[in-house]
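Values quoted throughout were computed directly from the atomic coordinates according to the rules given, and no laboratory measurement underlies them. Keep in mind the model is a prediction, meaning the values are calculated, not measured. Positions of Cβ are generated from backbone atoms using ideal geometry, with glycine treated the same way; all protein chains shown enter the neighbour counts.
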Number of protein chains: 2
Amino acid sequence: MTTANSSAVDQAQIVKLIDHWVDAIRNRDAEASLSNYAKNVTLFDVVNPLQYFGLDAVRRRLSEWLSTFQGSIGYEMHDLRIAADGDVAFSHSLNHVNGTKTDGTKLDMWWRATTCYRKMNEQWMVTHAHNSVPFDVKSGKASLDLQPQIVQQ
Amino acid sequence: MTTANSSAVDQAQIVKLIDHWVDAIRNRDAEASLSNYAKNVTLFDVVNPLQYFGLDAVRRRLSEWLSTFQGSIGYEMHDLRIAADGDVAFSHSLNHVNGTKTDGTKLDMWWRATTCYRKMNEQWMVTHAHNSVPFDVKSGKASLDLQPQIVQQ
């Protein structure tokens, strides 16, 4: 049922999910950070390949990434926007991670995240996630050291 | 009003928009390819910076890119998925472009596209677009020569 307040309720549900994922990433808990990911999710990730298909592939990729850190991870989302109506929703944000890798090097980087949701059995589930960094045209290198700045209109 | 068929009608409207954009890109028509982009759109693009904010910035970026080609551009979308309900929708696809740059070199590459829509005044408008390629961890280079393949689950 669609009511005047459903959008606000849905947005609040999605905020709660996102808060849960952020805590899970900070604690390097892959399973918790994939709660509410659909079994048939497609992931366009920061690194190769072009796409990961299915929850098992996404879980392997995330576990692998989390295992490259030692201790807890600093993780924040900025410029978060959420839209939801009926059984369709999306969110996007600039995500900031910093932490210490197992080899002692520090990681401090931003990436762009867009997440797409469907409501299934009264529960919002991620069916698609797109995480990336842009690249520098001249060097061909992925830009791992960018910080947010707004391009003038 | 939400009806049983509204989702199908909305999806058909979005397919029509996408077809229009594909034709516009093939013809290197920036203005037509930005029809139905909202004035406050945010773009996470394939190349730097992290984000473009607002239609004017997006138009400049797209015009610049289209001007690097000579003749028409080969442009196709694969694995297109669309979800729409009420006034919220998203789509995602793997996009394939090939063409000849003004310096005579050939470009033939795939990228990932996720597009988010809001319905405004009975018209679907893009409020967010995320286009990217992943990068290769070892070289740090953006992967411009990948082709779709499904990762085994």
Looking at segment A:98-109, can you tell me whether even one residue there is surrounded by 14 or more Cβ atoms within 10 Å (Cβ to Cβ) and in contact with a helix residue (DSSP H, G or I) (Cβ under 6 Å, 6 or more places away or on another chain)?
no
Hey, can you tell me all the residues within segment A:60-70 that are of a type outside the set (Ser, Thr, Tyr), surrounded by fewer than 18 Cβ atoms within 10 Å (Cβ to Cβ) and in contact with a helix residue (DSSP H, G or I) (Cβ under 6 Å, 6 or more places away or on another chain)?
A:LEU66
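Any residue in segment A:110-129 that is among the basic types (Lys, Arg), within 7 Å of chain B (Cβ to nearest Cβ) and surrounded by fewer than 21 Cβ atoms within 10 Å (Cβ to Cβ)? Break it down stepwise before answering.
Kept after step one, since they are among the basic types (Lys, Arg), are these residues of segment A:110-129: A:112, A:118-119.
Subset that is within 7 Å of chain B (Cβ to nearest Cβ): A:112, A:118.
So of that shortlist, the ones also surrounded by fewer than 21 Cβ atoms within 10 Å (Cβ to Cβ) come out as A:118.
Yes - at least one qualifying residue is present in segment A:110-129.
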Within segment A:86-132, how many residues are over 12 Å from the mean Cα position of the chain (by Cα) and under 20 Å from A:TRP65 (Cβ atoms)?
12
Scan (1) closer than 22 Å to A:ALA8 by Cβ; (2) touching a Cys at 6+ places or on another chain (Cβ under 7 Å) for the single condition A:VAL88 breaks and write down its number.
(2)
Can you tell me which residues in segment A:39-52 are buried (at least 17 other Cβ atoms within 10 Å of the Cβ) and in contact (Cβ under 8 Å) with a residue 12 or more places away in the chain?
A:VAL41, A:THR42, A:LEU43, A:PHE44, A:ASP45, A:VAL46
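Take segment B:31-54 and flag every residue that is assigned to a loop (DSSP other than H, G, I, E, B) and more than 8 Å from chain A (Cβ to nearest Cβ). First the steps, then the outcome.
As a first pass, look at segment B:31-54 and keep what is assigned to a loop (DSSP other than H, G, I, E, B): B:34-36, B:45-46, B:48-51, B:54.
B:LEU34, B:SER35, B:ASN36 - these are the residues of segment B:31-54 that are assigned to a loop (DSSP other than H, G, I, E, B) and more than 8 Å from chain A (Cβ to nearest Cβ).
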B:ARG118 fails exactly one of the following numbered conditions: (1) of a type in the set (D, E, K, R); (2) without any contact (Cβ under 8 Å) to a residue 12 or more places away in the chain; (3) in a strand (DSSP E or B). What is the number of that condition?
(2)
I need the full set of residues from segment A:130-141 which are at the interface with chain B (Cβ under 8 Å from one of its Cβ atoms) and without any contact (Cβ under 8 Å) to a residue 60 or more places away in the chain, in order please.
A:PRO134, A:PHE135, A:ASP136, A:VAL137, A:GLY140, A:LYS141
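Just the residues that are charged (D, E, K, R) and in a strand (DSSP E or B), please, taken from segment A:91-106. Steps first, answer last, please.
Here is the first cut: in segment A:91-106, the ones charged (D, E, K, R) are A:101, A:103, A:106.
Matches in segment A:91-106: A:LYS101, A:LYS106.
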Does any residue in segment B:65-77 that is closer than 10 Å to B:ASN27 by Cβ come within less than 6 Å, Cβ to Cβ, of a residue that is among the small types (Gly, Ala, Ser) and surrounded by fewer than 13 Cβ atoms within 10 Å (Cβ to Cβ) six or more places away or on a different chain, and which pairs are these?
none
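Conditions tested, residue by residue: (1) assigned to a strand (DSSP E or B); (2) over 20 Å from A:GLY140 (Cβ atoms).
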site: B:ASP56; (1), (2): no, yes
site: B:GLY71; (1), (2): yes, yes
site: B:GLY74; (1), (2): yes, yes
site: B:ALA89; (1), (2): yes, yes
site: B:ASP108; (1), (2): yes, no
site: B:TRP124; (1), (2): yes, yes
site: B:LEU146; (1), (2): no, no
